[in-house]
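Beneath this line is the structure, given in structure tokens, with notes to follow.
The values are calculated or read from the model by the stated rules, or taken from the named source; none is laboratory data. A quick note: this is a predicted structure, and the numbers were derived from the prediction, not measured. Every residue, glycine as well, gets a Cβ built from its backbone with ideal geometry; the counts of neighbours run over all protein chains shown.
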Amino acid sequence: MEENQNNSVQKECHCGEEHWIKFAFIALAVFLGVFFATYYIMDQIRHSYGIPYHVDNLDRILREQDRVFHDFNKIPIGFQAALNEKSPVEVESFKEENAYKIIIDLKPFDNNINNVDVKVDGRKVTVSGIKYKDRHNREDLYTFSQTFLLPQEVDALDVKKEKVKDKYVITLPILTDED
């Protein structure tokens with residue numbers, strides 16, 4: 001009987017020493033369960049209410065918006081004259097003894113006088129030009145217009161237009177009192 005008492009004395013319970021390991025595994029399992037459940041619920045809410053993917057990428061949307069507004073500030077060539085910028089077409093006008101002369105550079109219009117139109121109405125002279133290019137599946141249209149208000153009326157029937165090298169010279173004779 002003494003042996004049974006010795007055996008019972010030697011057997012001790014070591015359950016308390018491993019208790020913290022079981023608690024750590026249970027806490028980790030609960031944390032992961034709550035995390036995945038929350039993720040799943042939030043994902044279902046996002047899909048069910050139709051929240052777009054772009055809301056998640058707000059920085060990308062703002063960068064795209066900045067790029068669009070930056071590109072919007074670039075001015076096409078055709079609008080430069082309207083904004084009082086220097087025009088790429090050189091035009092000279094001056095008065096001679098009995099006529100006014102307007103000299104237009106034809107280089108922007110492929111040196112073709114058919115691309116330039118001159119209209120005379122009393123003291124008002126309007127010079128306009130157009131150039132169309134179609135290259136590499138890209139169409140470019142360049143237009144130019146300038147109006148001159150002369151101090152005296154000119155003879156619209158006697159306007160002389162001639163091409164001298166790459167210049168278009170327009171001579172507008174001044175009407176005299178005798179005409």
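Checking every residue in segment 15-32 against the condition of being more than 60 Å from the chain's Cα centre (by Cα) and modelled with pLDDT under 60 gives at least one match.
Total residues in segment 126-152 satisfying the condition of being touching a Leu at 6+ places or on another chain (Cβ under 8 Å) and part of a loop (DSSP other than H, G, I, E, B): the figure is 2. Residues that are in contact with a Phe, Trp or Tyr (Cβ under 9 Å, 6 or more places away or on another chain) and either exposed (fewer than 12 other Cβ atoms within 10 Å of the Cβ) or modelled with pLDDT under 80 (or both): does segment 124-132 have at least one? Yes; the residues of segment 124-132 include at least one that is in contact with a Phe, Trp or Tyr (Cβ under 9 Å, 6 or more places away or on another chain) and either exposed (fewer than 12 other Cβ atoms within 10 Å of the Cβ) or modelled with pLDDT under 80 (or both).
Scanning segment 127-179 for residues being over 25 Å from E96 (Cα atoms), without any contact (Cβ under 8 Å) to a residue 40 or more places away in the chain and either touching a Pro at 6+ places or on another chain (Cβ under 8 Å) or aliphatic (A, V, I, L, M) (or both) gives a total of 2.
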